[in-house]
Every structure is written in C-alpha cells, then in structure tokens.
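Data block below; observations after.
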Amino acid sequence: MAPRFSREQLESFRGATVPDLLGGPDDPPTRLLFVGINPGLWTAAAGAHFARRGNRFWPALYAAGITPRLVDASGGMTEEDRQIVLERGVGITNLVPVATARANELTMAELRAGGRALVDLVARIRPAVVAVLGVTAYRHAFGAAATAAGRQPDTLAGAELWVLPNPSGLNAHETLATLTDAYRRAAVAAGVVGRGS
C-alpha cells in the first residue's frame with residue numbers, strides 16, 4: 001500500500017535528489033536511458049523515479065512490454081523491481097536532479113546545466129537510445145526551439161535520441177495509449193523490446 005505524505009512532509013523534500021537508476025558493473029549495460037525532467041516532491045519522498053500515483057510512466061512501460069509486470073514505485077522501489085528494470089537494460093535519470101512541486105519551477109539555467117550534465121552521463125554509460133520525456137524541457141535544455149516529439153535527426157553523445165511526451169498526469173494531451181506507443185518505439189530502437197513482441 002502506498003504511503004501517505006502530508007503537504008508539510010512533501011514540502012520538506014523540496015530540493016532533495018533521487019539517485020539515478022543505473023546498473024553497476026555486474027548488471028547488463030544500459031541500452032535505453034529514460035530522462036525525466038526533475039523529481040517531483042512525492043518522487044523525492046518515496047526515493048523512486050516517477051513514484052507519484054497518477055504518473056503514467058510505469059503503466060506505459062508495462063503496457064509497452066518493457067517491464068514484465070507493473071512496477072509500483074509509489075512507496076519506493078523494491079530490490080526486485082530495480083532488478084527487473086536493470087535486467088532489461090533500462091536506466092532512469094533526470095535533466096535536473098533537484099525536486100520541485102512542478103517542473104515549471106525550474107529555471108532556464110538549471111535546464112541548460114542539466115542538458116550539459118546529460119551529455120556527460122550519456123558519453124560515460126553509452127546507451128543505444130536516450131529518451132528525454134518532455135518536449136518543452138528538452139527545447140529549453142538544448143536551445144532547440146523547433147524540436148518535435150519522436151526520433152531526432154541528431155544523436156546525443158553518440159546515442160540515438162528520442163524526445164517523447166512527459167508521463168505526468170498534468171500532461172493532458174497524452175493518454176496511456178499514446179505514451180505506451182511512444183515508449184515502445186524507443187524501446188524497439190534500443191533492442192529492449194522485439195519488433196513483433
């Protein structure tokens with residue numbers, strides 16, 4: 001059962017960070033790196049990416065065949081869930097590491113610094129595909145105002161680059177079905193999911 005956090009408890013996590021979900025030397029290499037915008041307060045409180053109930057990230061990954069079962073991160077990630085993600089060659093990071101109540105609280109300077117840090121991370125771990133989840137955040141972080149969702153013509157530090165919709169429940173333009181389709185296409189490109197599976 002998911003924990004309940006009071007408003008005061010959540011506010012105490014403003015500025016907190018959530019560690020990247022990346023494999024170690026004994027794990028399969030990261031083939032698909034998902035990049036959130038930044039942790040929300042619930043995510044920071046739970047200590048797990050995309051933890052807030054209503055965020056469609058984990059349901060979309062399950063529906064896309066990226067995870068074999070639905071991960072419930074609302075109370076934190078179990079070690080079993082971590083291994084499910086890592087064994088599939090999936091990693092998770094954020095453009096900006098610090099938690100806010102809403103992504104629109106981030107400054108342009110924070111997003112641009114996050115873009116530079118992402119390039120460094122991708123160059124170090126060398127995933128096949130990077131999927132940035134948030135078109136507007138990507139535009140700001142990389143000064144690419146004309147970017148449209150989907151696979152990009154350029155690479156990011158040698159990785160195939162996809163800019164995909166943010167799974168937040170606040171993103172009313174997207175449904176679980178459209179998120180599932182977008183994330184599945186990136187997963188197929190990374191070799192995480194087979195074309196026919």
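Readers should treat all values here as calculations from the given coordinates under stated rules, not as data from a laboratory. Quantities reported herein were computed from a predicted structural model and do not represent experimental measurements. Note that we place each Cβ from the backbone using ideal geometry, even for glycine, and neighbour counts take in every protein chain shown.
So what's the back-of-envelope 222 nm ellipticity for the chain, counting only DSSP H runs of four-plus at -39500 (n - 2.57) apiece and dividing by all residues, rounded to 500?
Values: 7 runs with 68 residues, N = 197.
So the calculated ellipticity at 222 nm is -10000 deg cm²/dmol.
For region 134-197, what does the alpha-carbon gyration tensor say about shape, rounded, prolate or oblate, given a ≥ b ≥ c as the root eigenvalues, a/c under 1.5 as rounded, and a/b over b/c as prolate? Here region 134-197 falls in the oblate category.
Give the order of Asp26, Asp181 when sorted by the count of other beta carbons within 10 angstrom, beginning with the fewest. Show your work: numbers first, answer last.
Details: Asp26 6, Asp181 14.
Going from least to most buried by this count: Asp26, Asp181.
At full extension, Gln9 and Ala117 could sit 36.0 nm farther apart than now, given 0.36 nm per residue minus the alpha carbon distance. Rounded to the nearest 20, the Cβ-based charge dipole of region 145-197 about its Cα centre (Lys and Arg +1, Asp and Glu -1) stands at 160 debye.
Between Ala189, Ile84, Asn94, the Cα set farthest toward the positive side of the dipole of the chain (charges on each charged residue's Cβ, about the Cα centre) is that of Ala189. Find out how many positive minus negative residues lie around Val192, taking Lys and Arg as positive, Asp and Glu as negative, among other residues whose Cβ is under 9 Å from that of Val192. Neighbour charge sum, excluding Val192 itself: +2. Neighbour counting of Cβ atoms within 10 Å sorts the residues Phe57, Phe34, fewest neighbours leading, into Phe57, Phe34.
Only one residue of Leu118, Gly169, Ala137 has its Cα farthest out toward the positive end of the dipole of region 108-197, where Lys and Arg carry +1 and Asp and Glu -1 on Cβ, and that residue is Leu118.
Computed from the Cβ-Cβ distance with R0 of 41 Å, the FRET efficiency linking Leu70 to Ala101 stands at 0.95. Computed from phi, the 3J(HN,Hα) profile of region 148-158 under the Karplus parametrisation 6.51, -1.76, 1.60 (θ = phi - 60°) reads 10, 5, x, 5, 9, x, 9, 9, 10, 6, x Hz, with x in place of Gly and Pro.
In what order do His173, His49, His140 fall by count of nearby beta-carbon atoms within 10 Å, going from fewest to most? Spell out each step's value before the answer.
Working: His173 8, His49 24, His140 21.
Ascending Cβ contact count within 10 Å gives the list His173, His140, His49.
Which percentage, to the nearest 5, of the DSSP beta bridges contained in region 12-190 is antiparallel? Walk me through the numbers before you get to the answer.
Values: 6 of 21 bridges.
That works out to approximately 30 percent antiparallel.
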